[in-house]
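Step one of this worksheet: look at the structure below.
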Amino acid sequence: MASPTPLQAFSSIPKEPAPPQQASEAASEGERMTGAQALIHSLEELGVSAVFGLPGGQILPAFDALTPETKFTFVLNRSEQAAGQAAQGYALSTGRVGVCMVTSGPGATNMVTSIAEATTDSVPLVVITGQVAVEDIGTDAFQEADIMGITYPIVKHSYLVTKAQDIPRVLTEAYYVAQSGRPGPVLIDLTMTAQTQEMLFSWPQKMILPGYKPTTKAHGHVLQDAAELLAGSQRPVLYVGGGAVRAQASQQVQLLAELTGAPVVTTLPARGIIPDSDEHALGMPGMHGSVAANGALQLSDLLIAIGARFDDRVTGDLERFAPRAKVVHIDIDPAEIGKNRPVDVPIVGDVAQVLDDLNEQIPLTQEQVGRPDLSAWWEQIHRWQAEYPPTYESAPEGQIEPQWAMQELNRLASPDTIWITGVGQHQMWASQFISFERPNSWISSCGMGTMGYGLPAAVGAAVGAQGARPVCLVEGDGGFQVSVGELATARQQGLPLKIVIFNNSSYGLIRQWQNMFYDAHYSQTDLADGGPRSQAEQEQTASSARTEVPDFVQLAQAYGCVGIRAFTRQEASAAFEQAMATSDRPVVIDLRVWKDAQVWPMVPPGASDSEIVYQPGVAPLAYVDEELQASQGEDAANAPDQSAAEF
Ligand SMILES: Cc1ncc(C[n+]2csc(CCOP(=O)(O)OP(=O)(O)O)c2C)c(N)n1
């Protein structure tokens, strides 16, 4: 991410002169108003229904232009990072552009993480930051920060607006750029000068984006080439990533699976793109993926990568990833193709459109050359599925296994639920143990993995869903404390969020790594905010054996939310039911879970996916690498029994 994106490099300087009417006509007609008013009008004209943010000195004219008549809701967050994450949650629950508006200097720099998240997870975002007056730029004025410079490597595009007259056009362009092609964040740094100047407002506006023409349709022979490779493949795998979700390509992916009979692995951001109950679905691949998904990738002879980027959390050791597979890579962003893995058939285009065309081509090719028999391939996959289903270790008597709690939540929740997670063990368990049956049901910080993302993203998702779908946040006790202030936003907005804190009293995922790779030296991961029911509590007295900071139930109540604590399975089920039945405010459940529960399976960092450990001491794919080396060209699908290895 260190070098400029192609869009930045080529689009910031117009390649052709602007049409003459841009400057002259636009300035001579329209309604007279300030730049700040033009900003609000432009957002209204773009059909924005909610803007997230927090005010400050250098964006005050824009906030002053908000009135009771303003056609969108303004959601007042409690930090700028949260505003950016809420805007992402809104974007992902609605499929529209998320918009947030904050002040200059610290307001803008607090937004940096959210911008990076939107880039790595391809979320359409327009971020409006206040900036000091034009004459003060470069003087180290109070709350001046070069946010354009700071975010240059992580935005899709950015603008410094110095003239009020440019505002409607810049908003039009930013909104378009954010959502077209590969979605991403666009920054508009709005000087005080531009906000306070007078201008003439007219709508619609013509865009000046000469270098920006995303390719949406596949050209040439690539579709035929891909269909021919599929027709000749004995062990194909559809490797589907977040790009397919952004392209709303759920139906197309399902149809491709049916036409080809190929198994489908769905990366973390793509969970739900096809129903988990679909016979082709193998679940998540990679570091905490299923044995079947990883085994299929490793032994595959053809990967159809669809809006996926060969992320290291998926591939493990890239050199040893799917060593025999040819690759068809479909992506809207040409920069992704061949970035990490050489490609045999590169296809640039909108994933949904490319798949529509490919799905037409496949039957034609199959008519000519036949459809391969994948029964041996599926036999192998079914063996992995039967022998290595999702499982977990039992907790000590009386304590809750977090994986059980995730399944129970899933059982009690409406199938329409939008699931949001923080980052950590609970995020992996959510992906493994919640069954996703419909697309657009999963929102998580996948590429950046930001702890604290969950609560603000849930606020944004609930604002976007407008009560049509329940929103359930599963968070860690660590991540919840990062953004707990957003409980105020949720309460103020009357959002009936269901928030389940998987309280293991620690930074669980880091503790797991300390356990495995640092000789169980638990340095600075004990949060001392919970634990199993104390002896004193068991004896029905009010006091607890040790001080827990914070008390999440009291904290929830302080924010006007419902707070419930659950220590046992019975209490957990009752608490989940109460949360589902509450519709006027957020419910926070302090769910005390077993501290030593671990996330399995796991591909150890730096290892090959073939070295996946199903449970301690069980490495079911250990034979695959040897097999692949020993039998170049042989059919490894009929491999011998799995061996176990120590971990
Ligand atoms: C902002 C940020 N800081 C640090 C990390 C490193 N990190 C990843 S997971 C994790 C622990 C999360 O703990 P918790 O939220 O309690 O969830 P758990 O793993 O216990 O389920 C940390 C500190 C991160 N991902 N993001």
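The values are calculated or read from the model by the stated rules, or taken from the named source; none is laboratory data. Given the structure is predicted, the values throughout are model-derived calculations rather than measurements. Cβ coordinates were reconstructed from backbone atoms using ideal geometry, including for glycine residues, and neighbour counts include every protein chain displayed. Keep in mind that these areas ignore ligands, DNA and RNA; they rest on the heavy atoms of the full protein, side chains included. Shrake-Rupley method; radii C 1.70, N 1.55, O 1.52, S 1.80 Å.
Which net charge results for the neighbourhood of Gln195, defined as the other residues with beta-carbon distances under 13 angstrom from its beta-carbon, given Lys and Arg at +1 and Asp and Glu at -1?
On the way: positive: Lys163; negative: Asp64, Asp166, Asp189, Glu198.
Every neighbour counted, the sum reads -3.
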Report task. Hey, can you grab everything whose amide H is under 5 Å from the amide H of Asp301? Only 5+ residues off in sequence or another chain; H modelled, so Pro and N-termini drop out. Result -> Arg235
Report summary line: One point scatterer per Cα, no solvent, Debye formula: log10 I(q)/I(0) for the stretch 23-104 at q = 0.13, 0.16, 0.18, 0.27 Å⁻¹ comes out as -0.44, -0.64, -0.78, -1.35
Report task. Would you mind getting the Kirkwood hydrodynamic radius of the stretch 139-254 from its Cα pairs, rounded to one decimal in Å? Result -> 18.1 Å
Report summary line: For the stretch 353-489, the Debye formula with one identical point scatterer on each Cα and no solvent gives log10 I(q)/I(0) at q = 0.11, 0.17 Å⁻¹ as -0.61, -1.00
Report task. For the chain, please report how many Lys pairs fall under 21 Å Cα to Cα, leaving out neighbours fewer than 8 apart on the same chain. Result -> 10
Query raised in the report: Roughly what would the spin-label model give for Asp596 and Ser49, points 7 Å off Cα along C-beta, in nm?
Result: 4.9 nm
Query raised in the report: Taking the chain as the region of interest, what is the percent of Cα-Cα pairs per 10 angstrom bin, listed from the shortest bin to the one with the maximum distance?
Result: 3, 16, 24, 24, 19, 10, 4, 0, 0
Query raised in the report: Under 5 Å between amide H atoms, partner at least 5 residues away or on a different chain: which partners does Val126 have, H built in plane at 1.01 Å?
Result: Gly98, Val99, Cys100, Val186
Report summary line: Taking a ≥ b ≥ c as the square roots of the eigenvalues of the Cα gyration tensor, with a/c under 1.5 meaning rounded and otherwise prolate when a/b exceeds b/c and oblate if not, the stretch 456-609 is oblate
Requested in this report: Please turn the phi angles of the stretch 474-483 into ³J(HN,Hα) values with the Karplus equation 6.51 cos²θ - 1.76 cosθ + 1.60 (θ = phi - 60°), one per residue in order, whole Hz, x for glycine and proline.
Outcome: 9, 9, x, 5, x, x, 4, 6, 5, 10
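Tell me the relative contact order for the stretch 329-420 as a rounded percent, counting alpha carbon contacts under 8 Å between residues six or more apart.
Working: 34 pairs, mean separation 14.2, N = 92.
So the answer I get is 15 percent.
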Report summary line: Rounded to the nearest Å, the spacing of the alpha-carbon centers of the stretch 161-220 and the stretch 128-160 is 17 Å
Query raised in the report: Long-range amide H contacts for His157: which residues qualify at under 5 Å (H placed 1.01 Å from N, peptide plane, sequence gap of 5 or more or a different chain)?
Result: Leu187
**Report entry** Net charge of neighbours whose Cβ lies under 10 Å from the Cβ of Leu229, counting Lys and Arg as +1 and Asp and Glu as -1
**Finding:** -3
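How many percent of the accessible area of the stretch 452-604 is carbon or sulfur, using a 1.4 Å probe? Numbers along the way, then the final one.
Values: 3020 of 6180 Å².
Carbon and sulfur: 49 percent of the exposed surface of the stretch 452-604.
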Requested in this report: May I ask you to order 593-604, 240-251 by the average number of other C-beta atoms within 10 Å around their residues, highest value first?
Outcome: 240-251, 593-604
Requested in this report: Calculate the spin-label point distance for Arg491 paired with Ser394, positioning each point 7 Å from the Cα along the beta-carbon direction, and give it in nanometres.
Outcome: 4.2 nm
**Report entry** Phi-based couplings in Hz for the stretch 206-212 (Karplus 6.51, -1.76, 1.60; Gly and Pro marked x)
**Finding:** 8, 8, 10, 10, x, x, 10
Query - Per-residue HN-Hα couplings for the stretch 303-311 [Karplus 6.51, -1.76, 1.60; θ = phi - 60°; Hz; x = Gly/Pro] - result: 9, 9, 8, 10, x, 10, 10, 6, 5
Requested in this report: Take every Cα-Cα pair in the stretch 323-424 and report what % of them are more than 21 Å apart.
Outcome: 68 percent
Report task. Quote to one decimal, in nm, the extra length available between Glu258 and Thr568 on full extension: 0.36 nm per residue of separation minus the C-alpha distance between them. Result -> 107.3 nm
Report task. Excluding Asp609 itself, calculate the net charge of residues whose Cβ lies under 10 Å from the Cβ of Asp609, where each Lys or Arg counts +1 and each Asp or Glu counts -1. Result -> -2
Query raised in the report: In angstroms, what radius of gyration and Dmax does the stretch 27-170 have, counting Cα atoms only?
Result: 14.6, 42
Query - FRET efficiency estimate (nearest 0.05) - Cβ-Cβ, Gln554 to Thr70, R0 41 angstrom - result: 0.65
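Could you tell me what fraction of 2.2 N^0.38 Å the Cα radius of gyration of the stretch 349-408 comes to, as a two-decimal ratio?
Working: Rg = 21.3 Å, N = 60, 2.2 N^0.38 = 10.4 Å.
Its radius of gyration relative to the 2.2 N^0.38 Å reference: 2.05.
Mind checking the per residue accessible area of the chain for me, 1.4 Å probe, whole number of Å²? Write down the numbers at each step before the final one.
Working: 25330 Å² over 647 residues.
I get 39 Å² per residue for this part.
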Report summary line: Across 5 Å bins beginning at 0, the whole-percent shares of Cα-Cα pair distances in the stretch 125-204 come to 3, 16, 24, 23, 19, 10, 5, 1
Report task. Pop a pseudo-label 7 angstrom from the Cα along the beta-carbon direction at both Val134 and Ala630 and give the gap in nm to one decimal. Result -> 7.4 nm
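How would Trp513, Trp429 line up by accessible area, probe 1.4 Å, largest first?
Values: Trp513 70, Trp429 10 Å².
Most to least solvent-accessible, the answer reads Trp513, Trp429.
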Query - Where the Cα pairs of the stretch 217-330 fall when distances are cut into 5 Å bins, in % - result: 2, 13, 25, 27, 20, 11, 2, 0
